[in-house]
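**Q** Structure in structure tokens, see below.
Where a number appears in this text, it was derived from the coordinates with a stated rule and is not lab data. Since the structure is predicted, the reported quantities are computational estimates derived from the model, not experimental observations. A quick note on method: Cβ atoms are made from the backbone with ideal geometry, for glycine too, and the neighbour counts reach across all protein chains shown.
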Amino acid sequence: MKQNIKKISKFLSLVLRHKPETIGLHLDENGWVETQELLEKLAKNNKKIDLKGLKEVVENNDKKRFAFNADGTKIRASQGHSVQVNLGYAPVEPPKVLFHGTATRFLDSIKEQGLLKGNRHQVHLSKDVDTAINVGNRHGKVVVMKVKALEMHQAGFEFFVSENQVWLTDQVPVEYLEF
Ligand code: HQG
């Protein structure tokens, strides 16, 4: 079952963040799809799972990537999209420092351009070093930098925190980074 949860999670990341059209889904402007429609389209595409199974995936996903709405009729990814959605998170004051983990090979470019969002909606930041290490490890030899988040915020940059506690901002200019 664990293996299956992982497989379905990965597929959900694909359709709820990046390529909903793969199974003929359409995300609404806030990234939601009808739970029922998702189940039907998963079944049609050889990824059959029942509601209980889907709830288990949402509950047990290692990073809590997905969330149901209050009455469970809709589901979406909490962050990480490449398709355009408005997640509706309100801007909030960040902690003094946030962290970003990346690979050493990106450092030269980051020192030149600051942190850019790339394919995703926003730059992802973490509130603790361990999480940042895990994020950076995905890309290669890891390096963690500090982001002077509160200072950025005071200068007018907006910060958001997703339902699964990922900090988001549009960009981080290099003067707010500490290597
Ligand atoms: C780097 C995972 C060169 C940036 C994680 C990163 C996270 C630059 C890579 C979430 C750059 C983008 C996001 C610049 C940034 N020059 N490289 N100017 N600015 N970069 O995967 O932050 O598993 O899109 O450092 O846990 O690694 O998907 O972003 O290395 O929360 O749920 O460009 O993805 O979550 O890579 O990870 P990504 P990320 P999920």
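**Q** On a full-extension model of 0.36 nm per residue, what is the gain between Lys19 and Glu178, subtracting their alpha-carbon distance, rounded to one decimal in nm?
**A** 53.7 nm
**Q** Applying a 10 Å radius around every beta-carbon, put 97-104, 73-80, 110-117, 132-139 in order of their mean neighbour count, most first.
**A** Listed from highest to lowest mean packing, they are 73-80, 97-104, 132-139, 110-117.
**Q** Mind checking the angle between helix 2-13 and the chain's longest principal axis? C-alpha axes, 0 to 90 degrees, to the nearest 10.
**A** Long axis of 2-13 versus the principal axis of the chain: about 70 degrees.
**Q** Quick one: if the Förster radius is 22 Å, what FRET efficiency do Gln36 and Lys6 give, using the C-beta to C-beta distance and rounding to 0.05?
**A** The calculated FRET efficiency here is 0.40.
**Q** Kindly rank 62-72, 164-174 from highest to lowest mean number of other beta carbons found within 10 Å of each residue.
**A** 164-174, 62-72
**Q** Nothing charged except the Cβ atoms of Lys and Arg (+1) and of Asp and Glu (-1): what's the magnitude of the dipole of the chain about its Cα centre? Round to the nearest 20 debye.
**A** Dipole size: approximately 880 debye.
**Q** Additional query: Just to confirm the number: angle between the C-alpha axis of helix 51-60 and the first principal axis of the chain, 0 to 90 degrees, nearest 10?
**A** 20
**Q** Quickly work out the Ala155-to-Asp50 label distance, labels modelled 7 Å from Cα along the C-beta direction, and quote it in nm with one decimal.
**A** Result: 5.5 nm between the two label points.
**Q** Something else now. Tilt of helix 35-44 relative to the longest C-alpha principal axis of the chain, in degrees (0 to 90, nearest 10)?
**A** Taking Cα atoms only, the helix is inclined about 70 degrees.
**Q** Do you know the relative contact order of the chain, to the nearest whole percent, from alpha carbon pairs under 8 angstrom that are 6+ apart?
**A** RCO, the chain: 21 percent.
**Q** By how many nm would the segment from Gln84 to Ser109 lengthen if fully extended, with 0.36 nm per residue of separation less the alpha-carbon distance?
**A** 6.4 nm
**Q** Going 7 Å from the Cα of Lys141 along its beta-carbon direction, which residues of segment 88-120 have the amide nitrogen within less than 13 Å of the resulting point?
**A** Residues 103-108 fall inside that zone.
**Q** Using Cα pairs closer than 8 Å and at least 6 residues apart in sequence, work out the relative contact order for segment 98-178, in percent.
**A** Over segment 98-178, the number comes to 43 percent.
**Q** In terms of Cα to Cα distance under 19 Å, which lysines are near enough to Lys148, apart from those fewer than 8 places away along the same chain?
**A** Candidates past the 8-residue exclusion: Lys96, Lys111, Lys117, Lys127.
**Q** Return the calculated 222 nm mean residue ellipticity for the chain, to the nearest 500 deg cm²/dmol, obtained by summing -39500 (n - 2.57) across DSSP H runs with n ≥ 4 and dividing by the residue count.
**A** Roughly -8500 deg cm²/dmol at 222 nm, from the helical runs in the chain.
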